[in-house]
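Each reported figure results from applying straightforward, stated rules to the coordinates on display, with no laboratory input. Worth saying up front: this structure is predicted, and the values here are computed from it rather than measured. When we count neighbours, we look across all protein chains shown, and the Cβ atoms used for this are built from the backbone with ideal geometry, even at glycine.
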């Protein structure tokens with residue numbers, strides 16, 4: 001019985017997971033040095049009761065004084081402020097930056113209007129996902145990209161390698177990694193009214209997916225109307241020396257209604273919104289078609305290909321994939337990743353990749369992959385949790401309707 | 001109680017640092033041990049309590065454990081008549097963020113389960129030592145109680161555990 005304390009056990013688990021991920025080539029320098037990186041808001045988190053945990057080589061708040069349940073619900077009723085500075089912001093510049101990046105992602109970047117962005121996927125030669133990412137087209141010679149913290153090293157290696165080859169052939173492209181900036185995600189119904197207090201620009205003209213550069217609270221920020229909760233909101237890239245002031249101003253202007261929110265609630269919120277978490281719901285061997293991201297493959301890209309793994313992906317588009325990502329609602333204990341999904345006669349038809357109890361809907365929700373044919377909404381399934389089966393049903397996602405700010409024409 | 005799947009699916013994609021070390025801010029001052037511990041109960045290092053009685057012992061998880069778990073959303077209990085063994089899992093508690101196995105502090109036969117937890121799992125949060133009890137066991141090896149901690153020993157154990165992380 002000795003040594004099985006809560007923290008010790010958790011640390012054992014964390015270590016085990018990290019060893020697994022360290023088998024890949026993407027060990028970050030910070031983890032090798034044994035020290036966790038801190039964002040510009042680290043002291044601010046601690047002062048506000050943030051429970052700091054190691055996350056992708058960073059020390060990040062998993063929650064604050066509010067419970068994960070309270071935080072998640074408050075995001076949808078008032079608003080949340082997340083520090084997501086561990087994610088990697090990157091600018092690609094040069095007259096060939098668009099044709100270059102189109103060799104690595106599935107999006108039709110050429111067709112994007114200036115000042116708009118999209119979710120996309122970096123693919124490998126087999127059509128699998130290296131990472132998912134939001135890319136904004138600032139203009140024809142400038143793309144702004146945000147990639148996952150856990151994928152930073154492998155993404156930069158991947159992009160860097162291909163960029164050198166591209167430049168070797170005379171292509172004009174270069175990058176700047178925005179380590180001088182911090183990234184805040186402001187989400188929920190109060191996000192826009194509160195942020196409006198801090199800028200002269202009219203946020204009413206910035207719709208979902210759009211990007212602009214503007215002054216917020218006296219600092220030049222990159223602003224994207226996007227997020228990871230299904231709510232209206234923004235991701236704000238702010239020079240790091242202004243990050244704490246901006247966070248304080250947002251909380252203050254909301255009269256405390258917008259709450260600091262940690263990674264725990266962020267995970268619940270994105271699951272309710274039906275959004276993938278790379279590493280769980282999307283991995284190296286999963287294609288964008290299997291993940292249900294067909295809409296992210298531009299029309300021209302379907303016709304022309306020209307990105308890594310295009311042969312596999314275009315074939316799947318034509319013939320349909322063997323497995324598909326679905327949403328599930330279930331009774332009993334919440335299924336977690338790796339819970340088996342069984343068909344009506346008890347045969348295994350798939351596996352859960354993310355699951356938990358929805359703080360907003362007060363029921364179990366999950367997503368996972370099932371063999372095509374079992375993917376239709378309303379299909380009854382069984383979920384295997386700790387040796388027992390429980391009823392589940394394939395359900396449309398998002399589980400909580402999205403509230404993105406779109407033009408009403 | 002062993003914390004499995006601590007941050008639910010997040011944990012998987014955490015790609016947590018190989019250092020496996022919590023930052024220094026996690027210790028003292030802000031996290032002085034403040035959970036309640038009840039006299040007269042015996043405690044396991046995996047954060048379950050047992051209320052000893054010659055005939056039937058009552059078992060649950062401690063206030064400290066529920067505090068770390070957060071809101072409990074589902075409780076899985078064994079069936080009456082099944083047997084439990086000291087240090088072995090007899091059920092699970094699911095919170096928003098984690099699944100935790102619950103170990104039995106003593107061996108014996110399950111004679112009653114707290115069926116209220118099916119409808120109201122949050123009793124574990126609101127009343128971990130009273131209404132949130134989990135199972136009642138007819139002890140098979142009363143001497144096992146001697147290997148468990150007293151309330152003062154358990155308080156010290158929790159303080160040390162918190163301080164060392």
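Legend: calculated FRET efficiency, residue B:146 to residue A:389, from the Cβ-Cβ distance at R0 = 45 Å, rounded to 0.05, equals 0.65.
Panel order for A:100, B:157, by other beta carbons found within 10 Å of each beta carbon, from fewest to most: B:157, A:100. The distance linking the stretch A:227-287 with the stretch B:44-68 is 38 Å (Cα centroid to Cα centroid, whole angstrom). Based on the Kirkwood approach, the hydrodynamic radius assigned to the stretch A:30-125 is 16.8 Å, with every pair of different Cα atoms included. State whether the stretch A:270-409 is rounded, prolate or oblate according to the following rule on the C-alpha gyration tensor (a ≥ b ≥ c being the square roots of its eigenvalues): a/c under 1.5 gives rounded; otherwise a/b larger than b/c gives prolate, and the remaining case gives oblate. Since a/c reaches 1.5 but b/c is at least a/b, the shape of the stretch A:270-409 is classed as oblate. Using a simple spin-label model with pseudo-atoms 7 Å out from Cα toward Cβ, residue A:77 and residue B:67 lie 2.6 nm apart. The length gained by stretching the chain between residue B:138 and residue B:55 to full extension, at 0.36 nm per residue less their Cα-Cα distance, is 29.3 nm. Estimated from helical segments only, the mean residue ellipticity of chain A at 222 nm is -7500 deg cm²/dmol, where each DSSP H run of four or more residues counts as -39500 (n - 2.57). Largest first, the extents of the alpha carbon coordinates of the stretch A:165-272 on the three principal axes equal 54, 34, 27 Å. Give the separation of the Cα centroids, the stretch A:100-176 to the stretch B:145-165, in Å. Their Cα centres are 52 Å away from one another.
If you find the alpha carbon centre of the stretch A:30-99 and of the stretch A:340-387, how far apart are they in angstrom? Taking the Cα centre of the stretch A:340-387 as reference, the centre of the stretch A:30-99 is 30 Å away. Take each residue of peptide A:279-289, count the partner chain Cβ atoms within 10 Å of its Cβ, and average: the result is 2.
Percent of Cα pairs in the stretch B:29-155 per distance bin of 10 Å, from zero to the largest separation: 14, 48, 33, 5, 0. For the pair residue A:408 and residue A:295, label points projected 7 Å from Cα toward Cβ lie 2.1 nm apart.
This ranking places A:231, B:159 by how few other beta-carbon atoms lie within 10 Å of each, fewest first, which gives B:159, A:231. Note on residue A:176 and residue B:80: the model spin-label points, each 7 Å out from Cα along the C-beta direction, lie 7.2 nm apart.
Computed from the C-beta positions of residue A:161 and residue A:319, the FRET efficiency with R₀ = 30 Å rounds to 0.45.
Contact order, relative form, for the stretch A:322-395: 40 percent (alpha carbon pairs under 8 Å, 6 or more residues apart, mean separation divided by residue count).
Only Cα pairs under 8 Å and 6+ residues apart enter the sum, and on that basis the relative contact order of chain A stands at 17 percent. Across A:353, A:389, A:116, mean-square fluctuation computed from a Gaussian network of chain A (C-alpha pairs under 10 Å connected) peaks at A:389. Available extension along the chain between residue A:283 and residue A:372 is 30.2 nm, counting 0.36 nm per residue and deducting the alpha carbon span. Placing a label point 7 Å from the Cα of residue A:169 along the Cα-to-Cβ line, the residues of the stretch A:104-144 whose backbone N sits under 15 Å from it are A:104-105.
Which residue, A:367, A:282, A:52, tops the fluctuation ranking in a GNM of chain A built on C-alpha contacts under 10 Å? Comparing A:367, A:282, A:52 in a Gaussian network model of chain A, the most mobile one is A:52.
If you take the beta carbon distance between residue A:48 and residue B:163 as r and set R0 to 22 Å, what does 1/(1 + (r/R0)^6) give as a FRET efficiency, to the nearest 0.05? Efficiency at R0 = 22 Å is approximately 0.50. Remark: B:77, A:186 ranked as B:77, A:186, counting other beta-carbon atoms within 10 Å and listing the fewest first.
Full extension of the chain segment joining residue A:329 with residue A:380 gains 17.4 nm, where the gain is 0.36 nm per residue of separation less the Cα-Cα distance. How big is D for chain A, in µm² s⁻¹ as a whole number, if Stokes-Einstein is applied with the Kirkwood radius of its Cα pairs at 10 °C and 1.306 mPa s? The Stokes-Einstein estimate is 72 µm²/s. Counting Cβ atoms of other protein chains within 10 Å of each Cβ in B:41-50 and taking the mean gives 2. Note down the relative contact order for the stretch B:39-163 as a percent, whole number, built from C-alpha pairs under 8 angstrom at least six residues apart. This gives 31 percent for the stretch B:39-163.
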